[in-house]
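S.K.: Below you will find the structure I want to go over with you.
The values are calculated or read from the model by the stated rules, or taken from the named source; none is laboratory data. Here the structure is a predicted model, which is why all the values come from computation and not from measurement. Cβ: placed from backbone, ideal geometry, glycine included. Neighbour counts: every protein chain shown. Ligands, DNA and RNA are stripped out before the accessible areas are found, and what is left, the full protein with its side chains, is counted by its heavy atoms. Shrake-Rupley method; radii C 1.70, N 1.55, O 1.52, S 1.80 Å.
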Amino acid sequence: MDVFALVDCNSFYASCEKVFNPSLRDKPVAVLSNNDGIIVARSKEVKELGIPMGQPVFKIEHLIRKHDVKLFSSNYTLYADLSRRVMETLKTFSPQVEVYSIDEAFVIFPLNTVQSCSLREYGLKIKRTVEKWTGIPVSVGIGPSKTLAKLANRLAKKRPELEGIYSLVNYKNIDRILDSVDVSELWGIGRQYAKLLKNAGIRTARQLKEAPDQWVREYMTVVGLRLVHELRGIPCYDVELEVDPKKGIVSSKSFGRLTSDFDEIRESVASYTARAAEKLRAQKSVTSFITVFITTNPYKKEMPQYGNVLTRAFKAPTADSSVMIKMACSIFEKIYKPGFLYKKSGVMLTGITHQDDVQYDAFTKAYVETEGKTVMEIIDKINKEHGRGTIQIASMGTEKKWNMKRSKLSPRYTTSWDELPKTRNK
């Protein structure tokens, strides 16, 4: 019998900020969205203050000052690297680790591998190891199926006395637990399904578990039936150990300030294209189409509004940044209009295929046979070893005045030599 453990990093972004800054321990920490606009992550201390997620900073400045809340700009480089370290740590417990999101993963292992200790003790071992090796606190929910593991994790966070560990494997009173869970709180139950179930008199997880299979399949399709079986402890969701290649890639962010400068916006388009191309090459794919879009700020109704989007096809599928940037910039020049203050630009790649699966005609050289592929591999290798942007195409610019506002950005402690933590003797 396989057991599923859902390991969830607690207040992940805020926890990442605390790892290399001991002065933040037990202090309220919040992480801000792009351009430092709203709160997108909160430490336990901020949650206890009653400051909600998604709150614009300017509306709660009095609370921030009163409680000395420490604010940080989103440091995606740091968060991604610490996430990678957490996932690598989990793989020491089982080769079957399904990365569900940046801060969650399912660890799947046979029940007989933990016979020397209880599942709770095993969960504590996972928790303590992750915290020791990465500094990130986690909660561990254990169940005979993914759905029950997800539910166990949720319950572990609600009850402090459980120390972040809870198991529903062979739990004798599981129906009593399911009786206390509103059906809308279940993994996979959205607003429409919750409304449907409650109209049918199904209000708790236990009632859904005991619903007739025929009714569930008729009104919730086979997807709903799988969920019901999972509540009964029968695993139905596939274990996804490898991430499927993306069929569409978007690279876009709002500017740090409104701008009408042609060169600045053109640089942003080139930079977003280069980033999308990196993601494309990372999954060994090529793209056939590129879309470029620009827009003003739709929330500033008093200002003139404009937006446009245009898609073009490449002569042959490619993942060469120089080819893609040249196309993207030519599209931008077609859709740009002077006289407007622009808020955002971006690119989208579609028609994505694995680089070895493309059918070329007799007159076109495959991307994998071009010098461009070799050059891109060299650039990617250097940038991976020495930091993104060590080598870049000139049209991406250097000053990047259009870049998003991140005035409260912490150092990239783990990926930049210039920003490594420093110690000194007193």
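S.K.: For TYR342, which sequence-distant residues (separation of 5 or more, or a different chain) have an amide H within less than 5 Å of its own amide H, given hydrogens modelled in the peptide plane?
M.R.: It is THR259, SER260, by chain and number.
S.K.: Same structure again: First compute the accessible area of the stretch 119-195 with a 1.4 Å probe, then give the percent of it belonging to carbon and sulfur atoms.
M.R.: Looking at the stretch 119-195 in its full context, I get 49 percent from C and S.
S.K.: Find, to one decimal place in angstroms, the Kirkwood hydrodynamic radius of the stretch 303-426, where the mean of 1/r is taken over every pair of different Cα atoms and then inverted.
M.R.: 18.5
S.K.: Could you tell me the convex hull volume per residue, in Å³, taken over the Cα atoms of the chain?
M.R.: 209
S.K.: From Cα coordinates alone, what are the radius of gyration and Dmax values for the stretch 4-79 in angstrom?
M.R.: Radius of gyration, then largest Cα-Cα span, for the stretch 4-79: 12.4, 44 Å.
S.K.: Run the accessible area of the stretch 314-426 with a 1.4 Å probe and give the carbon-and-sulfur part as a rounded percent. The partial results should precede the final answer.
M.R.: Values: 3930 of 7600 Å².
Roughly 52 percent of what the probe reaches on the stretch 314-426 is carbon or sulfur.
S.K.: Please list 3J(HN,Hα) in residue order for the stretch 222-233, calculated via the Karplus relation 6.51 cos²θ - 1.76 cosθ + 1.60 where θ = phi - 60°; whole Hz, with x for glycine and proline.
M.R.: In residue order, the calculated couplings are 5, 5, x, 5, 4, 4, 4, 5, 4, 5, 7, x Hz.
S.K.: Report relative contact order for the chain in percent, whole number only (criteria: Cα-Cα under 8 Å, sequence separation at least 6). Don't skip to the answer; put the middle values down first.
M.R.: Working: 714 pairs, mean separation 68.0, N = 426.
Once divided by the residue count of the chain, the mean separation gives 16 percent.
S.K.: I've got another one for you. For the stretch 66-124 and the stretch 28-57, what is the centre-to-centre distance using only Cα atoms, to the nearest Å?
M.R.: Spelled out, the Cα-based centre of one part sits 22 Å from the other.
S.K.: Restrict the search to the stretch 234-338; then list the trypsin sites (Lys or Arg not before Pro) that DSSP places in a loop and that have at most 15 other Cβ atoms within 10 Å of their Cβ.
M.R.: LYS246, LYS247, LYS284, LYS300, LYS301
S.K.: Straight-line reach from LYS18: which aspartates and glutamates have a Cα under 16 Å away, not including same-chain ones fewer than 8 places off?
M.R.: Straight-distance partners of LYS18: ASP26, GLU45, ASP68, ASP81, ASP103, GLU131, GLU419.
S.K.: Moving to a separate point now. Over all directions, the average projected area of the alpha-carbon convex hull for the stretch 169-287 comes to how many nm²?
M.R.: Mean projected area for the stretch 169-287: 12.6 nm², to one decimal.
S.K.: Okay, which of the stretch 248-266 sit inside 16 Å, backbone N to the point 7 Å along the Cα-Cβ direction of ASN383?
M.R.: Residues passing the 16 Å test: 249-253.
S.K.: Now, a different point. Could you pull out the pairs from LYS146/LYS284; LYS47/LYS158; LYS91/LYS246; LYS300/LYS343 whose alpha carbons sit more than 22 Å apart here?
M.R.: Where the Cα-Cα span goes over 22 Å, the pairs concerned are LYS146/LYS284; LYS91/LYS246.
S.K.: List, largest first, the extents of the alpha carbons of the stretch 93-183 along their principal axes, each in whole Å.
M.R.: Dimensions of the stretch 93-183 along the principal axes of its Cα atoms: 37, 27, 25 Å.
S.K.: Where does the longest stretch of the chain lie that holds no chymotrypsin sites (Phe, Trp or Tyr not before Pro) found in a DSSP loop with 15 or fewer other Cβ atoms within 10 Å?
M.R.: Numbers: sites that count: TYR299, TYR306, TYR360, PHE363.
Longest site-free region, per DSSP loop and neighbour criteria: 1-298.
S.K.: Let me ask you something else. For the stretch 184-287, what is the accessible area per residue in Å², given a 1.4 Å probe and the full set of protein chains?
M.R.: On the way: 5690 Å² over 104 residues.
Per-residue value: 55 Å².
S.K.: Moving to a separate point now. Hey, got the Cα dimensions of the stretch 241-289 along the principal axes, in Å, largest first?
M.R.: Over the stretch 241-289, Cα extents along the principal axes are 43, 21, 14 Å.
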